[in-house]
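Okay, so here's the structure we're looking at.
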Amino acid sequence: MIISDNLNTYLIIAALLLVIGLYGMIQHRSLIGMLISSEFILNGAALNFMAFNTFTAPNPAVGQIYALFIMGLAAAEAAIAVSIIIVVYRRFRNEDPAIIQDMKY
Amino acid sequence: MILYRYIAEALFYAFMILTFMGAFMAVRSQLLMHAVIGLAVSLLGIAGLYFHLGSTFLAVMQVLIYVGAVCIMIAMGIMLGNTPSQLAEKNLKGRNLLLAIGSCAAVFLALFATLSRTGFAPAAERIGDMSIQFVGENLLLQYCLAFELISLILLTAIIGSIILARGGRDGAVK
C-alpha cells in the first residue's frame, strides 16, 4: 500500500509529533526537557505546512519559506531558552520548574 | 520503475519509524543527553519526510539548522547546567502519567476526527515548481518580509542571549 503520497499520512504524522511534544512538556521535570519537547511541536507545525504546500497549495514556494521561517524561529527560541536556563541555574542551583515557578528568589 | 516506488515506500516507512522512535526516546529517557540524541534522530527522520514531500532544500536545511545547530546548542546547555546524574533520578518522576496520556490522546483524537472529515482539494492551477531556484526568487522578491524578519529575529536572539548569559559563574555582571 502506497502511503507516502497521501496528504492524510503527513497530517497524522504531524499530529502525532504535536501530541508527543505535548506529552513531553507535561512529563519532563527539567526546563531543558521541556525545551526539547517544544521542538517537536514546532516540527509538527512545519511538517503540516510542507504537506499542504506539496499537495494543495497553488504556489509551492510559500510552504517551504514558512517552514524555513519556523526553523529560524526555533533556532532563536532555543538560543534564548538555553541562555535563560543557564542564568536560572546559576541563580537557583536548580532547574526544576516546581521550585523556580515563583520567578523571584 | 515500479521497483523504485517500492524502495521509496520502504524508505518512507524507515524515516517514519526513525521519527517516532527518536521522539519516544526524547520524551521518555531519564538522561537529558539521551533525550537530545533522540531529538537529533527524530529530526533526521523528519528531514527524510521533507525529502519525500519533494523539497530537497528543506531536508538539507533541517539537517543543517536543527541537527547541526539547535541540538548542539541544547547539548551545550545541558553540559553548562545541571549534571546528568543529578537529573537522572528525579527526571520523569512525580508527574501524573495518566493525566498526561489522557490529555494527549484527547488532543490527537480531536485532530484526527477533524482531518478525517475534511476533504482537502488540490489547487486548480500551480505555478512554479519545488526547485531551490524558485524558492530563492520567491524568498527574495515576493516574500522578502519573511526573509528580513528571520534575520532580525536571529540578530535579536544573539544579542539577547549574550546579554542574558554574560555574567560569570557567580552571576555577577562585569
What is the order of B:Leu164, B:Leu109, A:Leu18, fewest Cβ neighbours within 10 Å to most? B:Leu109, B:Leu164, A:Leu18
Which of B:Ile132, A:Ile86 has the fewest Cβ neighbours within 10 Å, and the rest in rising order: B:Ile132, A:Ile86
Cα coordinate range in chain B, projected on the principal axes (Å, largest first): 61, 44, 33
Subtracting the Cα-Cα distance from 0.36 nm times the residue separation, let me have the gained length for B:Met1 to B:Leu155 in nm, one decimal. 50.7 nm
Distance from segment A:1-64 to segment B:104-174 (C-alpha centre basis), Å: 12 Å
Given an 8 Å cut-off on Cα distances and at least 6 residues of separation, report the relative contact order of chain A as a percent. 24 percent
Using Cα springs under 10 Å in a Gaussian network model of chain A, which residue among A:Ala51, A:Ala75, A:Ala14 shows the largest mean-square fluctuation? A:Ala75
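Quick check on chain B: helices-only [θ] at 222 nm, where DSSP H runs of length 4 and up contribute -39,500 (n - 2.57) each and the sum goes over total residues. Nearest 500, please.
Working: 8 runs with 122 residues, N = 174.
Result for chain B, helices only: -23000 deg cm²/dmol.
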Give the Kirkwood hydrodynamic radius (Å, one decimal) of segment A:1-87, defined as one over the mean of 1/r across all pairs of different Cα atoms. 14.0 Å
Taking Cα pairs closer than 8 Å and at least 6 residues apart, the relative contact order of chain B in percent is 16 percent
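Since every read-out is calculated from the coordinates, none of them should be taken as a lab result. Quantities reported herein were computed from a predicted structural model and do not represent experimental measurements. Here Cβ is always computed from backbone atoms with ideal geometry, including for glycine, and neighbour counts include all displayed protein chains.
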